[in-house]
Amino acid sequence: MNSLRPLEIIGGGLAGLALAGALRRAGAAVTLYEAGSYPRHRVCGEFIAGLSARTAACLGLVPVLADSLRHREVAWCRDGRPIAVQPLPSPALGLSRYALDARLAEAFVAAGGDLRTRTRVTELAPRPGRIFATGRRPGNSGWLGLKMHALGLALQRDLEVHLGDDAYVGLSAVENGRVNVCGLFRRRRIDAKTALILPAYLRAAGLDALADRLAAAHLYPESFCSVAAVAFDWRVPAQDRVCLGDACAMIPPFTGNGMAMAFQSAEAALTPLLEYARGRSNWPAARQAIHVALQRRFRLRLASAGALHPYLLRPPRQRWLMAMSRAHLLPLRPLYAVMH
């Protein structure tokens, strides 16, 4: 073990945790730094769409995801009513980040990994053996992500996506009978207490029917979280460091592919990093191999999702999508394949 080059991962989200566990089980010496602690709630759709059995096996995710709920269809809704129901080619997996991140952290530690929580790395210069999984890159945008869990919220389908005015909201069942309610909203001047911010944003976006359903459910204020200045990527940007997960590229959340992309970015980095750790390649070669793999894997889906995203946010474009759907002119299955 002492002859191996050490690796350090900054950021303990899905990409960082999954990669750290896979590297450690392969014998690498890995230290992971995480500013927060586990378990914790995160703004996230909390369903994994497009994760292959190969990726799950490569990263050792099979036991972690074994009891995930299986979601097989999604209803696209406007004014509280489904406008299209889309069967999924393969089940999406429903599991909260509160449970999933903690399980991945426990698996890494059980494999002998060095996990340093409540540790914020302030010196962020790139250097050999350092991997950045630090979440979304800082940016300026008028978008806001909000999330909260609810109990007693009956779903019309396994997954629901509600289109509003400068907003859309996803509903997905997770463990213990809870439903994750997570939305992307244009920022507005709303004065409300923490537990009421999400319902207030729903009504401001014209999603009154959904807000009424939440009012009849039991909400968990401790699960509420938010993230501001949310921005998305059309491509994998060139960088002078190894960046994975949202630090690499962030796809619009309507795809349901963000969690799978985090795992896939970890998978893309695994072999080049092991080659570096074992002294079989140098750091520039490993970094270049990872960047090429990420571009090849994500280029088309990022561009496709970026082109479609504006049509989900404004009512005139939403009406065009509804008309296309009713006329069976919207190729849902090919679009799903391209974006996953």
Given the criteria open to solvent by less than 30 Å² (accessible area, probe 1.4 Å) and either in contact with a Leu (Cβ under 8 Å, 6 or more places away or on another chain) or in a loop (DSSP other than H, G, I, E, B) (or both), does Leu51 qualify?
no
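Scan segment 211-257 residue by residue and report those that are within 24 Å of Ile9 (Cα to Cα), small (Gly, Ala, Ser) and assigned to a loop (DSSP other than H, G, I, E, B). Step through it out loud before you land on a result.
Keep residues of segment 211-257 that are within 24 Å of Ile9 (Cα to Cα), which gives 227, 230-233, 235-251, 257.
Then drop every residue that is not small (Gly, Ala, Ser), which leaves 231, 238, 245, 247, 249.
Once the filter is applied, which keeps residues that are within 24 Å of Ile9 (Cα to Cα), small (Gly, Ala, Ser) and assigned to a loop (DSSP other than H, G, I, E, B), segment 211-257 yields Ala231, Ala238, Ala249.
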Say we look at segment 304-318 and pick out the residues that are farther than 15 Å from Cys248 by Cβ, in a helix (DSSP H, G or I) and of a type in the set (A, V, I, L, M); which of these is least open to solvent (accessible area, probe 1.4 Å)?
Leu312
Quick one: is Ala28 surrounded by 15 or more Cβ atoms within 10 Å (Cβ to Cβ), within 30 Å of Tyr276 (Cα to Cα) and either touching a residue at least 24 places away in the same chain (Cβ under 8 Å) or among the small types (Gly, Ala, Ser) (or both)?
yes
Which residues, counting only those in segment 217-251, are touching a strand residue (DSSP E or B) at 6+ places or on another chain (Cβ under 8 Å) and more than 29 Å from Glu123 (Cβ to Cβ)?
Ala217, His218, Leu219, Tyr220, Pro221, Ser223, Phe224
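Would it be correct to say that Arg203 is at pLDDT below 95 and over 22 Å from Met259 (Cα atoms)?
Numbers: at pLDDT below 95: no; over 22 Å from Met259 (Cα atoms): yes.
It is false that Arg203 is at pLDDT below 95 and over 22 Å from Met259 (Cα atoms).
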Residue list for segment 265-306, filter: among the basic types (Lys, Arg), modelled with pLDDT of 95 or more and closer than 19 Å to Gly16 by Cα:
Arg287
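Of all residues being among the basic types (Lys, Arg) and within 24 Å of the chain's Cα centre (by Cα) in segment 276-301, which is surrounded by the most Cβ atoms within 10 Å (Cβ to Cβ)? Just the residue, please.
Within segment 276-301, the match that is surrounded by the most Cβ atoms within 10 Å (Cβ to Cβ) is Arg287.
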Assess whether Gly60 counts as being out of contact with any Leu (no Cβ under 6 Å at 6 or more places or on another chain) and either crowded, with 19+ Cβ neighbours inside 10 Å or acidic (Asp, Glu) (or both).
no
How many residues does segment 228-244 hold that are under 15 Å from the mean Cα position of the chain (by Cα) and open to solvent by less than 10 Å² (accessible area, probe 1.4 Å)?
2
Could you tell me which of the residues Ala22, Ala57, Ala92 is closer than 17 Å to Met261 by Cβ and not in a strand (DSSP E or B)?
Ala22
Out of contact with any Phe, Trp or Tyr (no Cβ under 8 Å at 6 or more places or on another chain), touching a residue at least 12 places away in the same chain (Cβ under 8 Å), farther than 21 Å from Ala49 by Cβ and of a type in the set (Gly, Ala, Ser): which single residue out of Ala216, Ala260 fits that description?
Ala216
Would you pick out the residues in segment 1-13 that are open to solvent by 10 Å² or more (accessible area, probe 1.4 Å) and closer than 16 Å to Ala260 by Cα?
Gly13
Which of (1) part of a helix (DSSP H, G or I); (2) open to solvent by less than 70 Å² (accessible area, probe 1.4 Å); (3) of a type in the set (Asp, Glu) does Glu73 not meet, given it meets every other one?
(1)
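Do we find that Asp208 is open to solvent by 20 Å² or more (accessible area, probe 1.4 Å), modelled with pLDDT of 95 or more and over 23 Å from the mean Cα position of the chain (by Cα) in this structure? Spell out how you get there, then give the answer.
On the way: open to solvent by 20 Å² or more (accessible area, probe 1.4 Å): yes; modelled with pLDDT of 95 or more: yes; over 23 Å from the mean Cα position of the chain (by Cα): yes.
So Asp208 fits the description; yes.
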Check Ala102 against each of (1) in contact (Cβ under 8 Å) with a residue 40 or more places away in the chain; (2) touching a helix residue (DSSP H, G or I) at 6+ places or on another chain (Cβ under 7 Å) and name the one condition it does not meet.
(2)
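The values are calculated or read from the model by the stated rules, or taken from the named source; none is laboratory data. Because the structure is predicted, anything quoted here is derived from the model rather than measured. With ideal geometry, Cβ positions are generated from the backbone for all residues, glycine too; neighbour counts draw on all protein chains shown. Remember, those area values only see protein heavy atoms, side chains included, never the ligands or the DNA or RNA. Shrake-Rupley method; radii C 1.70, N 1.55, O 1.52, S 1.80 Å.
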